[in-house]
């Protein structure tokens, strides 16, 4: 297969083809039909361009709608997060109240523990006093 240069192809189309068609006019419809099959007509190109323009516009509108829906969805999510934050704030406040009550209970237990320790010390002193007197009584009643 022979590969033609650009110049040779241009020469064929601009000089040789018109000469061939002048010599064989009945070839013109066949060549025209071949060109129509091979190349798109202006009307076809214009139709494709129109379809592309319509598709581009539809796509632009669809993306705008998607962006709007996404923005609205994110706004709803943000609102829900805000509500959850408020709920957590409420839970935190309630837990702070529970902590304060537990601190109060701890203080009371410490006071009770201190009172028990005080009573225990008093009882020990009292028993030591009782033991000492018993020892004294035993020493008095039992002279050695």
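Bear in mind that the values in this text are calculations on the coordinates, not laboratory data. Remember, it's a predicted structure, so these values are computed and weren't measured experimentally. When we count neighbours, we look across all protein chains shown, and the Cβ atoms used for this are built from the backbone with ideal geometry, even at glycine.
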FRET E, pair residue 30, residue 9, Förster distance 22 Å, beta-carbon r, rounded to 0.05
0.65
Classify the stretch 94-139 from the C-alpha gyration tensor, please: rounded if a/c falls under 1.5, else prolate or oblate depending on whether a/b exceeds b/c.
prolate
Considering only 62, 26, 89, give the residue with the highest GNM mean-square fluctuation for the chain, with springs between Cα atoms whenever their separation is below 10 Å.
26
Quotient of Cα Rg and 2.2 N^0.38 Å for the chain, N being how many residues it contains:
3.71
Degrees separating the helix 42-141 axis from the principal Cα axis of the chain, which is the longest one:
10
Please identify, among 77, 66, 130, the residue showing maximal mean-square fluctuation in a Gaussian network model of the chain using a 10 angstrom Cα cutoff.
130
Given a Förster distance of 41 angstrom, what is the FRET efficiency for residue 106 paired with residue 128, based on the Cβ-Cβ distance and rounded to 0.05?
0.80
Rounded to 0.05, the calculated FRET efficiency for the beta carbons of residue 45 and residue 71 at R₀ = 35 Å is 0.35
Counting helices only, and only those DSSP H runs with n ≥ 4, report the 222 nm mean residue ellipticity of the chain as the sum of -39,500 (n - 2.57) divided by its residues, in deg cm²/dmol to the nearest 500.
-31500 deg cm²/dmol
